[in-house]
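Structure, as structure tokens:
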Amino acid sequence: MSVEDSVDMPRAAAGRLLRDSFLPGISALTLGLVRAGTGSLRLGPFDLLRFGPARVSRTAVEWPIEGGLLAGAPGGTWRLRWSAGRLTASVGGYRPRLPAAVYLVTQLPLHHLLSRLHLLRLRGRDPAPGITATSSDRMRAAAVDLALCATLAGLAGRRPRPRAAGDRARISRDLLEPVGTDPRWVGHEAAGGGGGRIAPQSDASPPAFHRPAGLVGSWPA
């Protein structure tokens with residue numbers, strides 16, 4: 001049985017780092033359910049997988065699989081390596097104890113999950129580098145930016161012009177002129193004086209000014 005998982009990792013990973021992080025990393029991912037033993041992964045008192053001495057190179061580490069509850073027989077290797085910007089975990093020559101049909105729907109998906117999570121932990125949060133833009137791509141992007149700026153500048157130049165000075169003066173005069181001085185309102189009680197509603201003077205009646213009831217007799221005849 002051969003299985004492989006990999007993730008992008010721009011920075012090189014040393015073989016010693018890969019060796020020292022593997023067993024504790026699997027224990028952390030399983031929240032301590034699977035513990036790191038001396039060259040083994042343990043569940044309670046049982047060795048799930050038992051490994052031989054690690055063989056470490058500059059950017060890789062490899063363990064021989066020697067047994068355990070999940071191994072049908074000794075044989076195969078578990079390997080972590082970094083090469084050409086990718087970090088890879090692989091198992092080769094492994095013989096699971098479970099029947100193939102059961103292994104494919106139980107142990108294999110769990111193996112992929114834990115392997116990939118471990119690789120992502122090793123890589124960290126650094127994203128993979130993007131594709132470097134060519135000179136022609138930069139020129140096209142600059143042209144789009146210039147066209148957008150020109151369009152926005154043209155729209156900003158079409159704002160409504162302010163009213164002429166004469167119009168502004170007339171509007172201000174109309175707003176500030178008191179109601180009592182407008183002949184259209186003369187002869188009617190202001191709101192609050194008699195409780196009536198202000199209404200314009202009819203053109204048929206002459207303008208007149210009525211004194212409020214409270215002031216009758218207070219003005220000289």
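Okay, here's what the table says:
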read-out: Pick from region 35-51, criterion more than 17 Å from residue 94 (Cβ to Cβ) and aliphatic (A, V, I, L, M), ranking: farthest from the chain's Cα centre (by Cα); value: 43
read-out: Cβ-Cβ under 9 Å pairs, at least 6 apart or on other chains, region 2-15 side part of a strand (DSSP E or B), far side buried (at least 16 other Cβ atoms within 10 Å of the Cβ) and of a type in the set (Lys, Arg); value: 7/123; 8/123
read-out: Enumeration of residues in region 38-70 that are crowded, with 16+ Cβ neighbours inside 10 Å, closer than 25 Å to residue 10 by Cα and not β-branched (Val, Ile, Thr); value: 54, 60, 62, 63
read-out: Residues within region 84-126 that are closer than 17 Å to residue 23 by Cα, assigned to a helix (DSSP H, G or I) and of a type in the set (Gly, Ala, Ser), tallied; value: 1
read-out: Extreme residue, farthest from residue 77 (Cα to Cα), among residues of region 16-42 that are free of Cβ contacts under 8 Å to residues at least 24 places away in the same chain and among the β-branched types (Val, Ile, Thr); value: 34
read-out: Filter result for the condition that a residue is farther than 19 Å from residue 113 by Cα and within 36 Å of the chain's Cα centre (by Cα), over 89, 28, 12; value: 12
read-out: Given (1) over 21 Å from residue 47 (Cβ atoms); (2) hydroxyl-bearing (Ser, Thr, Tyr); (3) modelled with pLDDT of 80 or more, index of the condition residue 172 fails; value: (3)
read-out: Candidate set from region 93-108 (those that are of a type in the set (Val, Ile, Thr) and surrounded by 12 or more Cβ atoms within 10 Å (Cβ to Cβ)); member that is nearest to residue 72 (Cα to Cα); value: 102
read-out: Filtered residue count, region 61-79, keeping only those that are in contact with a helix residue (DSSP H, G or I) (Cβ under 9 Å, 6 or more places away or on another chain) and in a loop (DSSP other than H, G, I, E, B); value: 1
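The values are calculated or read from the model by the stated rules, or taken from the named source; none is laboratory data. Computed from a predicted structure; not experimentally measured. Every residue, glycine as well, gets a Cβ built from its backbone with ideal geometry; the counts of neighbours run over all protein chains shown.
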